[in-house]
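The values are calculated or read from the model by the stated rules, or taken from the named source; none is laboratory data. Bear in mind that the values here come from a model prediction, so they are computed numbers and not experimental data. Counting neighbours? That spans all protein chains shown, and the Cβs are built from the backbone with ideal geometry, glycine included. Heavy atoms of the whole protein, side chains included, go into the accessibility calculation; ligands, DNA and RNA do not. Shrake-Rupley method; radii C 1.70, N 1.55, O 1.52, S 1.80 Å.
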Amino acid sequence: MIWDDSMPGFGVRLRASGASSYICQWQIGSRQGRETIGRISVLDLDTAREKARHILGLAQTGKSPKQARLDEERRISQALGPLINRYLEAMEGRWASKYRSDIERYLRVYFKRLHGMSPTDITRADVSAELATIERDSGKTCRNRSRAALSTFFNWLIAEGVLEHNPAEKTAKAQEVPRDRALSAAEIAKLWTALDADVFSQDERDALRLMILTAQRAGQIGNLRVSEIGDDRLTWDRARAKNKALGRHVLPLAPMAKAIIDSRTVKDRTFVFGYHDLGLTNWTRLKQRIDDIVRFNEPWVFHDLRRTAKTIMSEHLDVPGEVSESILNHGKRGMDQVYNSAVYIRQKLEALTKWEGYIMSAVDAQDTRQAA
């Protein structure tokens with residue numbers, strides 16, 4: 001061992017094998033220890049001296065470098081980022097894929113600045129500051145959904161014994177404007193015919209029209225799997241159905257919807273739509289291109305198509321509420337939850353066939369107006 005006269009405790013160790021390393025010898029009271037800093041072939045002298053200075057500084061304060069290293073390793077492993085990974089792994093299989101994707105985005109993306117912190121060090125003020133940023137950049141709804149995801153995650157940490165209190169509790173919710181947008185018959189027709197434009201791929205055209213015809217969620221249609229197609233129906237299992245309490249979601253195919261499915265080439269594919277068997281995912285870009293063409297007077301989102309179908313079925317097509325709710329895969333209410341096991345296959349097919357007829361009547365009326 002060769003010691004540095006200018007920094008007592010710092011030196012190099014030369015072995016008979018030819019290996020050489022920087023070392024640091026420290027003392028706390030009567031207790032001594034030695035740390036290997038790194039190989040001379042890897043570390044330059046100035047970096048090695050800086051590391052030695054840190055180790056000797058810890059010893060001066062009465063803290064052993066080994067304990068400091070263990071504390072740092074524990075701090076890193078107990079930081080928010082790794083704990084989010086543990087949480088998502090623990091929830092694997094319990095959530096629908098779309099829901100899991102949303103929760104992962106909220107926790108990984110929107111709270112990224114908290115990832116290096118220990119949950120025990122995160123305060124309500126920290127959470128509130130992040131929520132304010134989310135609201136500013138992404139809106140009130142995103143703020144509230146992110147807040148709910150973080151709060152649920154913190155409650156899981158409490159159950160795991162990692163945390164004592166939930167720092168997201170009592171943080172403010174943003175006041176959301178309730179969505180009540182339903183498209184008119186003319187808007188439905190305009191949207192339907194706009195999809196004939198060359199800017200849309202056949203995948204996008206078929207997927208969106210199928211979503212309109214079936215009143216299903218974008219994720220269920222965009223990520224529709226070949227295995228979910230039957231002879232005359234679509235079936236989503238519990239993992240893919242958002243309402244897990246109902247188990248499988250079975251939807252019969254009315255004539256136009258069935259024609260779209262039958263037109264698809266699905267051999268050797270996992271997903272019905274999208275490229276490279278990844279499903280159709282870029283709904284934001286698709287929405288922008290639609291808006292460039294249709295230019296509705298009021299803002300709308302894809303989820304409004306479900307509300308539109310439900311509203312028109314109730315107001316114009318005389319579809320019973322329990323049937324339209326079953327089409328949307330909403331839960332039964334009251335004593336129906338206990339005593340009514342019906343899945344309404346025949347009734348749903350009749351309702352969806354009426355809905356297809358309503359859409360085509362609106363499209364025909366638009367064509368007639370344009371011809372005149």
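On a per residue basis, the stretch 1-145 carries 61 Å² of accessible surface, using protein heavy atoms and a 1.4 Å probe. If Lys and Arg each add +1 and Asp and Glu each add -1, what is the summed charge of the other residues whose beta carbon sits under 15 Å from the beta carbon of residue 112? In short, -1. Where Rh is the Kirkwood radius over the Cα pairs of the stretch 300-343, the temperature 10 °C and the viscosity 1.306 mPa s, what D in µm²/s does Stokes-Einstein return? Estimated diffusion coefficient is 140 µm²/s.
Report, in degrees rounded to the nearest 10, the 0 to 90 angle that the Cα long axis of helix 283-294 makes with the longest principal axis of the chain. Helix 283-294 sits at roughly 40 degrees to that axis. Seen against the Cα atoms of the chain and their longest principal axis, helix 185-194 is set at about 70 degrees. I want to verify the translational diffusion coefficient of the stretch 230-372 in µm²/s; compute it with Stokes-Einstein, Rh as the Kirkwood radius over Cα pairs, at 37 °C and 0.692 mPa s. Translational diffusion coefficient: 186 µm²/s.
Under the shape rule built on the C-alpha gyration tensor, where the axes satisfy a ≥ b ≥ c, the stretch 253-315 is oblate, since a/c reaches at least 1.5 while a/b does not exceed b/c.
Helix-only arithmetic for the chain: the sum of -39500 (n - 2.57) across DSSP H runs with n ≥ 4, divided by the residue total, places the mean residue ellipticity at 222 nm at -15500 deg cm²/dmol. The apolar share of the surface of the stretch 98-197, taken as the fraction of accessible area on carbon and sulfur atoms (1.4 Å probe, ligands and nucleic acids excluded), comes to 50 percent.
In whole percents, the pair-distance distribution calculated for the stretch 1-119 from its alpha-carbon pairs, binned every 10 Å from zero, is 12, 28, 21, 17, 15, 6, 0. Taken over the alpha carbons of the stretch 118-272 as equal point scatterers, the Debye sum produces base-10 log I(q)/I(0) values at 0.09, 0.19, 0.20 Å⁻¹ of -0.50, -1.11, -1.16.
Each principal axis of the Cα cloud of the chain was evaluated for its coordinate range; sorted largest first, these ranges are 98, 46, 39 Å.
Here the contact order of the chain, divided by its residue count and restricted to Cα pairs under 8 Å and six or more residues apart, works out to 13 percent. Neighbours of residue 83 by Cβ distance under 11 Å: Lys/Arg scored +1, Asp/Glu scored -1, total -1.
Here the stretch 92-192 has an Rg and Dmax of 16.9, 56 Å, counting Cα atoms alone.
Computed over neighbours whose Cβ is under 10 Å from that of residue 333, the net charge equals -2, Lys and Arg +1, Asp and Glu -1. Excluding same-chain neighbours fewer than eight residues apart, the lysines reachable from residue 173 by a Cα-Cα span under 19 Å are 140.
For the stretch 250-324, the solvent-accessible area of protein heavy atoms averages 55 Å² per residue (probe radius 1.4 Å; ligands and nucleic acids excluded).
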